[in-house]
Amino acid sequence: MGRGRISQSFITKLLGMVDIVQIMQMHGIELKKSGRAEYKACCPFHSERTPSFYVSQDKQLYNCFGCKASGNIVTFLMEYNKYSFPDAIEYLAELAGIPVERDNDDGNTDSSINYSEYYSKMRECSELYARVLKDSSLPQGISYLQNRGITIETIDRFKLGYAPPGWQFLTKYLVKDPQTDLKLLSDLGMIIHKENGGNFYDAFRDRVMIPILDRRGRVVAFGGRVLNDDKPKYLNSPEMVIFHKGRELFGLYQAIEYSKQNQGNLPYLVIVEGYMDVIALAQAGFNYAVASLGTSTTTDQFEMMFRYTKKVICCYDGDAAGQKAAWHALQTMLPSLKDDCDVRFAFLPVEHDPDSYVREFGLTGFESYLEKAKPLDEYLFEHLKNNLVSENSRRELANNALDVLAAMPNNLRFDELIRKLATISFQDSTTLMKECSARKSLRARTNYSRQPQQEEKEMEITPIRRAYALSIQYPKSVIAGKDTIAYLLRILGELGNIKGVKEYQQIFNFIVEYPNRSEISVNTACILSASKGTNIEKWVTRLARADIYGHADNIKTENVTADITATLSKLVLEHYEQRVSKLQNESMKRELSDDELKELSDKVKYIKKFSGRTITADNTDF
């Protein structure tokens, strides 16, 4: 089943159904009221003592005046929870209780696919495997785990199970509607269709089943461990509709839940190589271990860890494979390395992995070993020195280090590493900095290097832009005055090419056509979403940030409506006055036509009637 692109119209509708304040509070952001519909808090994206993070309930947007973080609830979930864009939308859709709508290949919207069905089916698989593990007639799985010292409590915590031998176990117990269930299980990689067009068969057989949970505790994949020395030792779920292995970490959900139940924050995370390492460490009382999913640790995974803690220890076996994995991890994490991140490297004795080490030396012994972990800079330069081709080659050391450091963002940590490199290589730090900057340009790492952006030229707020900005920021005011605004826009449209009127008409049409009901209402976030990819996206984005009223409290809908209509009225009268002036000048040069004389008379009367007043749709005689 293809996973089509999420419909933009669905996203716009969804943003009108959720509340940014409520969801942020669900995520532990301590928002305090600061006005009628505005809240403030200490920014969740940078350290500060005085709150500079503001959230507008009316606009459904947030903005930090300290670090400049800003966006809507989707942006927040992507930055704060490290959700992918589809994950954020699916999370919000689940909160709203509606299925995600996606575009088919023909461009039409398909709302028939509900991805909650996939999560539900994976939960069914996990629960079935867990029941089988404790079935006395199939003792193989539980015996294997007990022989490894895994208790029932740990089995339950990690939802471990057992896939029995046989080819049609899942189809026998989990297929009630063949047309739907076979498709779901096949899409999830749990059953495989025979190439010759025959029956489906189970992908996992005679294996201990280890569920992979996402950060919301949903089963998204499995790792299956053989009970003997057969190969492959581990069989993992393929990438599919709800699982992307580079964006998940085994054990992260359990670590987060443990921290919530105890001190509240993760003091650090330790990344290890295997599922059983994480489980064995948890069994011993160490609850901060995570593992990548059968591949090297990815940039996304490091960014995810840094979201939950600022200290990460990479714990690898001391053999050549462990050294290789550690060096790859260092190179992978550098693009995400911020000033407040503390990364260390621990290498166990070659005869041990975390599982065996904690069994022999206990929790205290393992924690003591982690205390000796090398800081990033020490490991970095030690590794480079040990891999020099020519002995004592300071220039080679500098060159090799610059190739690695060029992946880093420009921050204080980068400056510190350049200074340390200058010291140990006896090179000039300024020269090294320039050389590294040149390499950064060659690498073109625009996704990782957050260079200071050129500030936008301050935008002049013309009358039409004022009305435009107020309509975007306070769309309910447009609905309240829609008849008068529509009338004024029609007049402005008839006057000719007044810059911005056509664009404003697009926004006005969207606002009044939006399905405003009790469970859904238009807001600034909806408008920003609707403008994406259109000719007005740039202006909508800038005008949504325009500071019209500053931080004024208790801004009433009727007052904004009056402001919009007064602004548009003034614009109409200004153009009428220009037209009157032009006709009067023409009358001094030539005789005006009957139509021109009537137009002049009508416009003069119009100006006199509405001078200093707001034009309304129900108060016009012309």
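Looking across region 533-548, just one residue is in a helix (DSSP H, G or I) and exposed (fewer than 13 other Cβ atoms within 10 Å of the Cβ), and that is LYS538. In region 75-101, the qualifying residues are those that are at pLDDT 85 or above and hydroxyl-bearing (Ser, Thr, Tyr), and the one that is least open to solvent (accessible area, probe 1.4 Å) is TYR91.
Applying a threshold of 8 Å to beta carbon distances and a minimum spacing of six or more residues, or different chains, the list of pairs starting in region 532-543 at a residue that is at positive phi and ending at one that is not basic (Lys, Arg) reads GLY533/GLN8. Scanning region 498-526 for residues that are open to solvent by less than 60 Å² (accessible area, probe 1.4 Å) and in contact (Cβ under 8 Å) with a residue 60 or more places away in the chain yields ILE498, TYR514, PRO515, ILE520, SER521, VAL522, ASN523, THR524, ALA525, CYS526. Beta carbons closer than 9 Å, at least 6 apart along the sequence or on distinct chains, never pair a first residue in region 145-156 that is at negative phi and among the acidic types (Asp, Glu) with a second that is open to solvent by 80 Å² or more (accessible area, probe 1.4 Å) and assigned to a loop (DSSP other than H, G, I, E, B).
Restricting to region 457-497, give me the number of residues that are free of Cβ contacts under 8 Å to residues at least 12 places away in the same chain, acidic (Asp, Glu) and either part of a helix (DSSP H, G or I) or open to solvent by less than 40 Å² (accessible area, probe 1.4 Å) (or both).
Count: 1.
Can you find, within region 149-198, the residue that is nearest to GLY224 (Cα to Cα) among those that are among the charged types (D, E, K, R) and open to solvent by less than 60 Å² (accessible area, probe 1.4 Å)? Of everything passing the filter in region 149-198, ASP187 is nearest to GLY224 (Cα to Cα).
Scanning region 47-103 for residues that are aliphatic (A, V, I, L, M), assigned to a helix (DSSP H, G or I) and within 27 Å of SER477 (Cβ to Cβ) yields ILE73, VAL74, LEU92, ALA96.
For SER136, the criteria (1) assigned to a loop (DSSP other than H, G, I, E, B); (2) open to solvent by less than 40 Å² (accessible area, probe 1.4 Å) hold in every case but one, which is (2). Screening GLU396, GLU378, GLU351 for residues that are among the acidic types (Asp, Glu), part of a helix (DSSP H, G or I) and open to solvent by 40 Å² or more (accessible area, probe 1.4 Å) leaves exactly one candidate, GLU378. TYR357 satisfies every condition listed in (1) open to solvent by 10 Å² or more (accessible area, probe 1.4 Å); (2) on the phi < 0 side of the Ramachandran plot; (3) out of contact with any Leu (no Cβ under 8 Å at 6 or more places or on another chain); (4) not charged (D, E, K, R) except (3). SER52: of a type in the set (Ser, Thr, Tyr) and open to solvent by less than 50 Å² (accessible area, probe 1.4 Å), yes or no? When the stated conditions are applied, SER52 passes them.
The values are calculated or read from the model by the stated rules, or taken from the named source; none is laboratory data. Keep in mind that this is a model prediction, so the values were computed, not measured. Cβ sites come from the backbone with ideal geometry, for glycine too, and all protein chains shown count toward neighbours. Accessible surface is based on the protein model in full, side chains and every heavy atom, while ligands, DNA and RNA are left aside. Shrake-Rupley method; radii C 1.70, N 1.55, O 1.52, S 1.80 Å.
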